[in-house]
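K.L.:
Can you keep this structure in mind? I'll have questions shortly.
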Amino acid sequence: MTSISKAPFKLYLAIAYLIPQRISQHPSTKTPQAPDDLKLLPPPDANNSPICFSTAHIHAAAISSFPHGSGAGPDGLRPQHLKDCISITAGDASTSLLTSLTELVNYLANGHLPTDLRPFLYGAQLHGLCKSNGDLRPITVGCTYRHLVAKSA
């Protein structure tokens, strides 16, 4: 008879065996490929005026629009942390944070982040969750600041 302490380990082994079996059944053709005629925008010129400029009001609305219970990215920052920090109960600190966030979001939206830091802030981890019908559901886990820039743009 299996003891209770060994049960979670055996369950983990069963899942670790089954997941690769299901993933191998799904070819990479489920992931859309970039079209051959894809044209990327040129990087912004540092000497020109900003391409994107948004206000603290837009960022407050973007932060408030995050769904409750949104998870943290690799940096550990949850949208709820930002919601709490810009709430009315935070007082003057919320105004200061919102001003700083506005500067950061405008900086990032205009492409001024150094190239070496881009994979960490703009990248995302891709996870595949198994659906009940056997298909995979792709879930991306990215940095909260990246989501904020996308919502504010």
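Read-outs throughout are calculated quantities, based only on the coordinates presented, and are distinct from any laboratory measurement. Fair warning: this is a prediction, and the values are worked out from it, not measured in the lab. As a convention, Cβ positions derive from the backbone with ideal geometry for all residues, glycine included, and neighbour counts pool all protein chains shown.
K.L.:
Testing the spin-label approximation: label points 7 Å from Cα along Cα→Cβ at ASP84 and LYS39. State their distance in nm.
P.N.:
That separation, rounded to one decimal, is 4.8 nm.
K.L.:
While we're here: Mind giving me the nanometre distance, one decimal, between the label points for THR55 and LEU97, set 7 Å out from Cα along Cα→Cβ?
P.N.:
Calculated label separation equals 2.2 nm.
K.L.:
For a quick check: with amide H placed at 1.01 Å from N, whose amide H comes under 5 Å from LEU136's, ignoring anything fewer than 5 positions away on the same chain?
P.N.:
Answer set, sorted by chain and number: LYS131.
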